[in-house]
1. Out of segment 611-642, which residues are in contact (Cβ under 8 Å) with a residue 40 or more places away in the chain, touching a helix residue (DSSP H, G or I) at 6+ places or on another chain (Cβ under 7 Å) and within 19 Å of residue 708 (Cα to Cα)?
2. Select from segment 560-569 the residues that are surrounded by fewer than 18 Cβ atoms within 10 Å (Cβ to Cβ) and touching a strand residue (DSSP E or B) at 6+ places or on another chain (Cβ under 8 Å) and write down the one among them that is farthest from residue 339 (Cα to Cα).
3. I'm trying to understand the selection: among the residues of segment 480-534, which are in a loop (DSSP other than H, G, I, E, B) and surrounded by fewer than 17 Cβ atoms within 10 Å (Cβ to Cβ)?
4. Considering segment 451-468 alone, what residues qualify as being assigned to a loop (DSSP other than H, G, I, E, B) and closer than 22 Å to residue 388 by Cβ?
5. Would you tally the residues in segment 48-88 being closer than 16 Å to residue 33 by Cβ and either part of a loop (DSSP other than H, G, I, E, B) or not assigned by TED's automatic domain parsing to the domain that holds residue 33 (or both)?
6. Taking the condition of being surrounded by 14 or more Cβ atoms within 10 Å (Cβ to Cβ), out of contact with any helix residue (DSSP H, G or I) (no Cβ under 9 Å at 6 or more places or on another chain) and over 17 Å from residue 141 (Cβ atoms), how many residues in segment 162-190 meet it?
7. Listed residues 334, 323, 330, 315; which is surrounded by 11 or more Cβ atoms within 10 Å (Cβ to Cβ) and out of contact with any helix residue (DSSP H, G or I) (no Cβ under 6 Å at 6 or more places or on another chain)?
8. Here are 628, 686: which of them is surrounded by fewer than 18 Cβ atoms within 10 Å (Cβ to Cβ), under 22 Å from residue 603 (Cβ atoms) and at pLDDT 85 or above?
């Protein structure tokens, strides 16, 4: 608590002249005479009760923690019971205005006199000779900066004064209670510096504060460019990356170079000096930059700099606390569940002729379409680059046309899947110069999500270490070839490598199937996921899909097979039953196909034509065709396969308009329509008929499902190879 006698002692210590003491006592007496008015002026939310004044704190918040005595010998004394601080009425006035009764007395006295309406005491001040003007002759300070420890303890204050003789700076050593700089001199803004990785060192507190207001962690040595380097404590910068922003003049650059050496000695991880722009005026500094609206953040990031000490490449480390406290969400899987993660590497292996490339092509196109494949799901349509070195262009084209993608996903897959024809190159330095630009430009500048290489053997480059069966050569290929591609185009891309397996004994394979991968020692230490396609019984087509995950829970073995052109998960025990069921299903579909085509042909001979809805309504439950919905689905499938086409020129055949139907009337190949031709015979009553061959005008596009104009109505092409997944 600061009592009256402490106040007097402080003034005695700073200035023993009687005039100063008399002025202090006069101001205190004036405030005590009008104490209640003073308190209500300073703290409008305060309250007077029982001879005491109550308020929350020195900032004037409502409450009762701070109490001021109003009666007796203790009138004017105060104490804040929350902070255990106290003092007299002059000290309370100072604290309420954010001032120090000790350091800011000239300004404080001026404010109190103005409120009391009294004049300043007449004094005769003798000016002292010398370069430094005494504190009592400088007038009120124009700026003040506090120097704190990393824990927030006040070490020193620096005051700026602007007397007629020019600006003056005065440091106050708080611990020594003297007008001097502490020894050693502290750095500015230490609480923020303690928690920062990068710190900007400038000249002077004004420049530091200007950058701090922009959110930049900045500091300065006390006295700026005039700071004695050897008397400054640079230790708070140890372990930091320091950028020095000098004033644009010779003293500024000298200060930067000397400070840089001190930072290196203090143990900074990196030190560099920013070069001020050449078009800026002499003495231009960080404060000027902020005042001018200059982009300081971008300057700090991009400016030319002279490296004094380069930062070493540090291994990332994490404390247990940091890991436990990190609640940020995990990045979404590229292919879930944890099959391929961002930046992950998946090795897909299998024996020759097991169907790796066919499986991989179907899998990747589904990922490009955003469609689930055998329980493996992408979060969205992925951009997939397929670098393959086995299948020539024409046969690659043939294969992709057989892949069954959901029609509504096809448009995404068309642009998201990019493949190479059979490459005849090695991924050495020359090969990377061709491959990297091709991948980078494949998706219009957007980065790929997946880079697939099929197979490793055809493009392998192990440096001087050896072939793909050598672990050292494989490690070289993965780190110096595959990872270089990924880092160049998208560090977060997932990589899939197709690879062959070696023969293992049955017992060995059962114990550790992934040991069958060639170069398994390096591969298994490098990849995040292993996946094998394995045929346990050569007499059957069912294959096992086996997973090994580094970053997720194990995935049970899947039994898969390619049925009617589509990879499906099957029950290995039900394979023969499924085959028989599939054959029966095919037979039933062929029967319904033949029935529908025959009915359309015969009805046309009777003069009847139908739209799809009319046909389904008319023949519901007849000829074993089932209900309306089933008939419409059969017609849609037969239209996709080319057995049924459409004609819209009904008037040419004497038929009524087909209305607003999407496609038109149904027709089949060589369909003949019999329609009346003239008036009935008067004797027999028979109506003459004529036969017209019906030619289609439109067909159903197998890819988009849209009605498309027929180019040559005489040509009928049937697509029996298109998979029919609809009801029989």
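1. Of everything in segment 611-642, those that are in contact (Cβ under 8 Å) with a residue 40 or more places away in the chain, touching a helix residue (DSSP H, G or I) at 6+ places or on another chain (Cβ under 7 Å) and within 19 Å of residue 708 (Cα to Cα) turn out to be 612, 638.
2. Per the stated criteria, the residue is 562.
3. 491, 492, 502, 503, 504, 505, 512
4. Going through segment 451-468, the residues assigned to a loop (DSSP other than H, G, I, E, B) turn out to be 455, 460-468.
Hits for segment 451-468 are 455, 460, 461, 462, 467, 468.
5. 6
6. Count: 1.
7. Values: 323 fails: surrounded by 11 or more Cβ atoms within 10 Å (Cβ to Cβ); 330 fails: surrounded by 11 or more Cβ atoms within 10 Å (Cβ to Cβ); 315 fails: surrounded by 11 or more Cβ atoms within 10 Å (Cβ to Cβ).
Of 334, 323, 330, 315, the one residue that is surrounded by 11 or more Cβ atoms within 10 Å (Cβ to Cβ) and out of contact with any helix residue (DSSP H, G or I) (no Cβ under 6 Å at 6 or more places or on another chain) is 334.
8. Details: 686 fails: at pLDDT 85 or above.
None of the others qualify; the one that does is 628.
The values are calculated or read from the model by the stated rules, or taken from the named source; none is laboratory data. Since the model is a prediction, treat every value here as computed from it, not as a measurement. Every residue, glycine among them, receives a Cβ derived from its backbone with ideal geometry; neighbour counts consider all protein chains shown.
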